[in-house]
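In what follows, a structure is listed as structure tokens, so that the remarks can point back to it.
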There are 4 protein chains.
Amino acid sequence: MHRPRGEKLWYIPDGYIPEVSSGQLTSHESICVLNTASEDALLRISIYFEDRDPMEDIMVVVAARRTKHIRTSSLHQEGTLIPVGVPYAIEVQSDIPIIVQYSRLDATQAENALMSVMAHPIK
Amino acid sequence: MHRPRGEKLWYIPDGYIPEVSSGQLTSHESICVLNTASEDALLRISIYFEDRDPMEDIMVVVAARRTKHIRTSSLHQEGTLIPVGVPYAIEVQSDIPIIVQYSRLDATQAENALMSVMAHPIK
Amino acid sequence: MHRPRGEKLWYIPDGYIPEVSSGQLTSHESICVLNTASEDALLRISIYFEDRDPMEDIMVVVAARRTKHIRTSSLHQEGTLIPVGVPYAIEVQSDIPIIVQYSRLDATQAENALMSVMAHPIK
Amino acid sequence: MHRPRGEKLWYIPDGYIPEVSSGQLTSHESICVLNTASEDALLRISIYFEDRDPMEDIMVVVAARRTKHIRTSSLHQEGTLIPVGVPYAIEVQSDIPIIVQYSRLDATQAENALMSVMAHPIK
């Protein structure tokens, strides 16, 4: 049996899906999750906005002993996607401890730009 | 009722507003705040410099259950803005726990560059 | 005698070795380790994937009072390298406390992009 | 009287001063320190290498209620600078608590790339 590692609740205040891409790569963001445990992790992801109520409890499974790099553009709730070009923030809850990192590739201009942070864990 | 998450005091030592922009995008920095609580958060932001006294207690409200991505170029104290092209540091105090991330887009040259960090929380 | 500093277990969920390079520099990632102690640190690095079992316990030594910036493309287990162009995650275990940072240079396009994070420590 | 905030010991494993610059900006790294206290902070910075003994106890003062963005290329010990193009790691000790962030601008190619991390604090 492998132990879960990390925390059950993580936050990323700076979410943003760029509207356009002009280089060889497509602009995108990823929520990168690692589940070190021998059991699957069930995630509930909530999205907070500047001017409207949150989208709550988008469900994602990260399998036992696996990582999952989740494109935020793939997240939806009953078919509703996260809007592009809008500032938002991300909450990741899990039923078992996980580790969460956030990365963004911005290809708005001809050359790409990268940023990455560990999400902020709540103990 | 939704609980506040995070901490009440956060620091970002590396603040800098680039002087010029030459690409499609404008250079800017953002202090990205998430307030998960059912009540508004009242922030007091202070700016520290290398060679003069701090600008203290710039007030900002982040509404309940909302994120706010605050452009540092919009912060002012009685009409005085943060000077551009000058190294500075940022303190974010809040009356309730919040989560704070800092990101910078540098468009000084034709192509943009990105950086981001979680602010350092004081417990 | 110099004391070890940091933690014995660190995680980086967002690992990725870019497939191509087109600039003057070669795309690469580095796991940057600092060993402040008067004794050598023995690391066991494990790699987690999205769709297969982990590569476990790749051994690396970081000498006493030294740093080592480990190219992930140099890590192998019985001759098997980490595949390029595939999302993965990294676990770094050490017999004594160390400090771990992860950086990536992406030279997929003509100009390079950089990202860096402190790994997430488990206490 | 203003209180000191943060920690007295911080680490940055991934230090690197790029050898060349080709854009409008010069490649550089900065150790960004914030001293929130009413008294000056006395820093002792040590540099660790991959293949030689550390350079220890480079002294720097950060004045009361000030930030200081220290160019690593300005640090020296009896006239000896940190070598360029060589991987190294950074230790920052202070007599009072401070907050430490590390940022790098890489202008090796025509367009700049940025990275930044909070240093790892030891409690």
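A short reminder: the numbers here are calculations on the coordinates, not readings from a lab. Owing to the predicted nature of the structure, the values given are computational and were not obtained by experimental measurement. Don't worry about glycine lacking a Cβ; one is built from the backbone with ideal geometry, like all the others, and counts go over all protein chains shown.
A simple charge model with +1 on the Cβ of Lys and Arg, -1 on the Cβ of Asp and Glu and nothing else charged puts the dipole of chain D at about 660 debye relative to its Cα centre.
Scanning residues 5 or more positions from D:R5 or on other chains, those with amide H under 5 Å from its amide H are D:T36, D:A37, with H placed 1.01 Å from N in the peptide plane.
Under a GNM of chain A (C-alpha, springs under 10 Å), which listed residue has the highest mean-square fluctuation: A:L105, A:L81, A:L43? Of A:L105, A:L81, A:L43, the most mobile in the Gaussian network model is A:L81. Ranking A:L105, A:P18, A:P83 by how far each Cα lies toward the positive end of the dipole of the stretch A:7-105 (charges on Cβ) leaves A:L105 at the top.
Using a 10 Å cut-off around each Cβ of peptide B:61-68, what is the average number of partner chain Cβ atoms that fall inside?
Values: counts 0, 1, 2, 0, 7, 9, 15, 6.
Taking all residues of B:61-68 together, the mean is 5.
Pull up the cross-link candidates among the lysines for B:K68, meaning alpha carbon to alpha carbon under 25 Å and not fewer than 8 places away within one chain. In chain and number order, the partners are A:K8, A:K123, B:K8, B:K123.
Could you work out the relative contact order of chain B? I mean the mean sequence separation of Cα pairs under 8 Å and 6+ apart, divided by the number of residues, in percent. Mind dumping the intermediate values first?
Values: 317 pairs, mean separation 51.2, N = 123.
About 42 percent, as a whole number.
Inter-copy label distances for A:V84: 2.9, 2.9, 4.1 nm (label point placed 7 Å from Cα along Cα→Cβ; shortest first).
Considering every alpha-carbon pair of the protein assembly as shown, the percent of pairs per 10 Å bin, from zero through the bin containing the longest distance, is 4, 20, 32, 29, 13, 2, 0.
Label-point distances for D:R3 to the equivalent site in the other copies, using a point 7 angstrom along Cα→C-beta, read 2.3, 2.3, 3.2 nm when ranked shortest first.
Scalar couplings 3J(HN,Hα) for the stretch B:87-96, obtained by applying the Karplus form with A = 6.51, B = -1.76, C = 1.60 to θ = phi - 60°, are x, 8, 9, 10, 10, 10, 10, 9, 6, 10 Hz; x denotes Gly and Pro.
A point 7 Å from Cα along Cα→Cβ stands in for C:R71, and the other copies hold the same point at 3.0, 3.0, 4.3 nm, listed in rising order. Counting only other chain Cβ atoms within 10 Å of each residue's Cβ, the peptide D:83-89 averages 3. Once you have a ≥ b ≥ c as the square roots of the Cα gyration tensor eigenvalues for chain B, tell me rounded if a/c is under 1.5, and otherwise prolate or oblate according to whether a/b is larger than b/c. Since a/c reaches 1.5 and a/b is larger than b/c, the shape of chain B is classed as prolate. Estimated from the Cβ-Cβ distance and a Förster radius of 35 angstrom, the FRET efficiency linking A:H76 and C:T26 is about 0.40. When chain A is treated as a GNM with alpha-carbon contacts under 10 Å, the residue of A:A113, A:A37, A:A63 showing the greatest mean-square fluctuation is A:A113. Of the GluC sites (Glu not before Pro) found in the stretch B:35-79, those that fall in a DSSP loop while having at most 15 other beta-carbon atoms within 10 Å are B:E39, B:E50, B:E78. Taking A:I58, A:I17, A:I31 in turn, the Gaussian network model of chain A (Cα-Cα springs below 10 Å) assigns the largest fluctuation to A:I58. What the phi angles of the stretch D:63-77 give under the Karplus curve with 6.51, -1.76 and 1.60, with θ = phi - 60°, is a coupling list of 5, 4, 6, 10, 9, 9, 9, 8, 5, 5, 5, 8, 6, 8, 10 Hz, glycine and proline written as x. Think of chain A as a dipole: +1 on every Lys or Arg Cβ, -1 on every Asp or Glu Cβ, centred on the Cα centre; then among A:I47, A:M1, A:I70, A:M1 lies furthest on the positive end.
Would you mind giving the mean number of other chain beta-carbons within 10 Å of the Cβ of each residue in C:51-57, as a whole number? If you can, show how the numbers build up before the last one.
Numbers: counts 4, 2, 2, 5, 0, 1, 0.
Per residue, the number of nearby Cβ atoms from other chains is 2 on average.
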